[in-house]
Amino acid sequence: MNKLDALKFFIIASETLNFREAAVKLSVSPSVVTRTVAELEKQLGEPLFKRNTRSIFLTSFGELFLPQAKRLLEDSEKLFLMAKDDNEMKGIVRITLLRFPNHEQILYELLTALRPYPELFIDWRLDMMKLDTIEHRIDIGIRVGREPNPNFIIKNIGQVEHILVASPELIARLGAPTDLEDLRQRYPFSGLINPETGKSFEFMSDAVNTFVPRHIEFYTTDPYAEIQAALAGKTVVQSSDFICREYLASGQLVPPLPELRQEKWQFYLYRPYQLITPKRVTVVFSLLEKILRKYFSSK
């Protein structure tokens with residue numbers, strides 16, 4: 001039994017009081033957490049947890065042992081930190097993100113800020129799908145979503161509102177819709193395909209949970225291609241105020257139902273929860289947060 005690893009398992013299990021949740025945070029199976037804690041208890045000769053069918057609790061011994069375990073683990077990490085050198089800023093940082101406005105400029109600013117570290121390499125992966133942090137060894141992600149994974153360290157950059165947009169020419173040709181049902185029945189829409197399912201993403205609004213357009217006349221996996229379809233007067237598009245802002249400001253696109261309110265999702269930066277995270281990852285994470293906030297504040 002690796003005693004330092006066993007202490008890490010015990011500390012996470014004591015914070016969550018749920019072996020399954022602890023396993024997720026440690027990227028292991030629940031059985032590994034159970035076995036490691038049992039081996040630690042055997043080594044100590046004392047039970048650390050009390051268990052029943054619904055929950056677990058620290059024993060009196062576990063409560064006394066926890067602060068000692070934390071101190072020992074912190075001291076061991078400090079010891080290793082003393083032996084470290086510039087190797088902390090060498091290696092690869094893998095970042096997954098969806099395409100969004102100014103992502104090229106954000107990458108440029110990040111790489112510029114990392115010039116002092118010539119042996120730090122960025123793996124920048126543009127993908128509609130949220131890549132698995134373990135399978136694809138992802139260190140950092142940038143996404144838009146309703147509820148970020150609670151097992152990640154999250155930095156909420158701002159809110160993105162879904163919005164229906166169309167060209168003024170399309171509205172003039174078909175006549176202004178009277179309500180959402182009229183829009184659904186008479187207007188052509190584009191469908192943004194979910195690469196994971198091969199089907200179009202659902203259309204959402206605060207007025208109804210979801211609605212299904214009667215006519216979908218353009219399909220794509222690229223939200224920016226959808227914008228081109230709207231600009232060409234081909235379809236109504238469900239996009240976001242973040243992506244459409246320059247076209248809304250210029251009047252090239254307008255909301256066919258200005259009073260319709262749609263869902264707001266979080267635009268966020270995240271990284272997996274880990275007991276020990278390489279310094280290069282935390283440095284890149286901090287730089288990205290600063291750069292993203294600058295661009296999002298100008299939205």
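The values are calculated or read from the model by the stated rules, or taken from the named source; none is laboratory data. Everything numeric here is computed off the predicted structure, so don't read it as measured data. Using ideal geometry, Cβ is built from the backbone for each residue, glycine included, and neighbour counts are taken over all protein chains shown. Side chains are part of the model used for accessible areas, which takes the heavy atoms of the whole protein and leaves out ligands, DNA and RNA. Shrake-Rupley method; radii C 1.70, N 1.55, O 1.52, S 1.80 Å.
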*Please find, within the range 118-166, the residue that is modelled with the highest pLDDT out of those that are out of contact with any Lys or Arg (no Cβ under 8 Å at 6 or more places or on another chain), in a loop (DSSP other than H, G, I, E, B) and among the polar types (S, T, N, Q).*
Asn149
*Gly198 versus (1) open to solvent by less than 50 Å² (accessible area, probe 1.4 Å); (2) at positive phi: which is the lone unmet condition?*
(1)
*State all residues of the range 20-56 that are surrounded by 20 or more Cβ atoms within 10 Å (Cβ to Cβ) and touching a Pro at 6+ places or on another chain (Cβ under 6 Å); if no residue qualifies, say none.*
Ala23
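Can you pull out every residue in the range 35-60 that is on the phi < 0 side of the Ramachandran plot and in a loop (DSSP other than H, G, I, E, B)?
Glu46, Pro47, Leu48, Asn52, Thr53, Arg54, Ser55, Thr59
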_Selected residue [in contact with a strand residue (DSSP E or B) (Cβ under 6 Å, 6 or more places away or on another chain), hydrophobic (A, V, I, L, M, F, W, C) and surrounded by 14 or more Cβ atoms within 10 Å (Cβ to Cβ)] from Val254, Val281_ = Val281
*For the range 41-55, how many residues are within 23 Å of Met1 (Cα to Cα) and either of a type outside the set (Lys, Arg) or within 39 Å of the chain's Cα centre (by Cα) (or both)?*
10
*asked:* Condition (residue is closer than 20 Å to Ser190 by Cβ and touching a Lys or Arg at 6+ places or on another chain (Cβ under 9 Å)) applied to the range 247-265: is it met by at least one residue?
replied: yes
_List pairs: first residue in the range 52-65 and touching a residue at least 40 places away in the same chain (Cβ under 8 Å) and of a type outside the set (S, T, N, Q), second residue part of a helix (DSSP H, G or I) and surrounded by 15 or more Cβ atoms within 10 Å (Cβ to Cβ) anywhere in the structure, Cβ distance under 6 angstrom, at least six positions apart or on different chains._
Leu58/Ser14
*Which residue pairs have Cβ atoms closer than 7 Å, lie 6 or more positions apart in sequence or on different chains, and pair a first residue in the range 145-161 that is more than 21 Å from Gln274 (Cβ to Cβ) with a second residue that is among the β-branched types (Val, Ile, Thr)?*
Val160/Val144
